[in-house]
Amino acid sequence: MAETIFSKIIRKEIPAAIVYENETVLAFRDINPAAPTHILVVPKIEIAKVTDLNGKEHGALLGEMIDVANAIAKQEGIAEKGFRLVFNCGDDGGQEVYHLHMHLLGGRKMNWPPG
Ligand code: AMP
């Protein structure tokens, strides 16, 4: 896959407001927030999109991304009231950056259905 801006953020070649990091996952604030809390949880390995995932190979990684999102939601004080986790996949899904990431959105009441 072609490298994206997220690989440069992961390598610290360009700055981001990092809120969490471990060996496999980096989480940073979205540059164009759609909610008071809008954080991207990004695996460090380069996977382009959800359709490149399978449960057998990536189950542990996906579980870790959920653990990280839950920890950040607590840290941000939004765990109690709730939040939304989103993967956009492909053009119709609204994906702009083709490096897998999960949006953590909270701090306001979310609308349904999404746009
Ligand atoms: P998606 O549409 O699901 O691919 O989401 C990509 C997200 O990445 C958008 O919400 C962008 O605002 C965000 N984004 C793009 N560039 C950066 C950056 N340099 N730092 C933080 N967030 C970014």
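Rounded if a/c is under 1.5, else prolate if a/b beats b/c, else oblate: with a ≥ b ≥ c from the C-alpha gyration tensor eigenvalues square-rooted, which is the range 59-111? Taking the square roots of the gyration eigenvalues as a ≥ b ≥ c, the range 59-111 is oblate.
The alpha-carbon atoms of the range 5-106, seen along their principal axes, cover 32, 31, 30 angstrom, with the largest extent given first.
So for the chain, averaging the separation of alpha carbon pairs under 8 Å that are six or more residues apart and normalising by length, what relative contact order in percent results?
31 percent
For the range 6-51, the Kirkwood radius over C-alpha pairs fed into Stokes-Einstein at 37 °C and 0.692 mPa s yields D = 292 µm² per second. Using the Cα centre of the chain as the reference point, and only Cβ charges (+1 on K/R, -1 on D/E), how large is the resulting charge dipole? Debye, rounded to the nearest 20. My answer is approximately 400 debye. Sites count as exposed loop sites when they are GluC sites (Glu not before Pro), lie in a DSSP loop, and have at most 16 other Cβ atoms within 10 angstrom; the longest stretch of the chain without one is 47-79. Can you tell which of ARG11, ARG29, ARG84 shows the greatest fluctuation in a Gaussian network model of the chain with Cα springs below 10 Å? Comparing ARG11, ARG29, ARG84 in a Gaussian network model of the chain, the most mobile one is ARG11. When the Debye formula is applied to the Cα atoms of the range 22-75, each taken as the same point scatterer, what base-10 log of I(q)/I(0) results at q = 0.15 Å⁻¹? Scattering profile of the range 22-75, log10 relative to I(0): -0.46.
Axis of helix 55-76 versus longest Cα principal axis of the chain: the two differ by about 40°, to the nearest ten degrees.
Where a number appears in this text, it was derived from the coordinates with a stated rule and is not lab data. All values derive from a computational prediction rather than experimental measurement. Here Cβ is always computed from backbone atoms with ideal geometry, including for glycine, and neighbour counts include all displayed protein chains.
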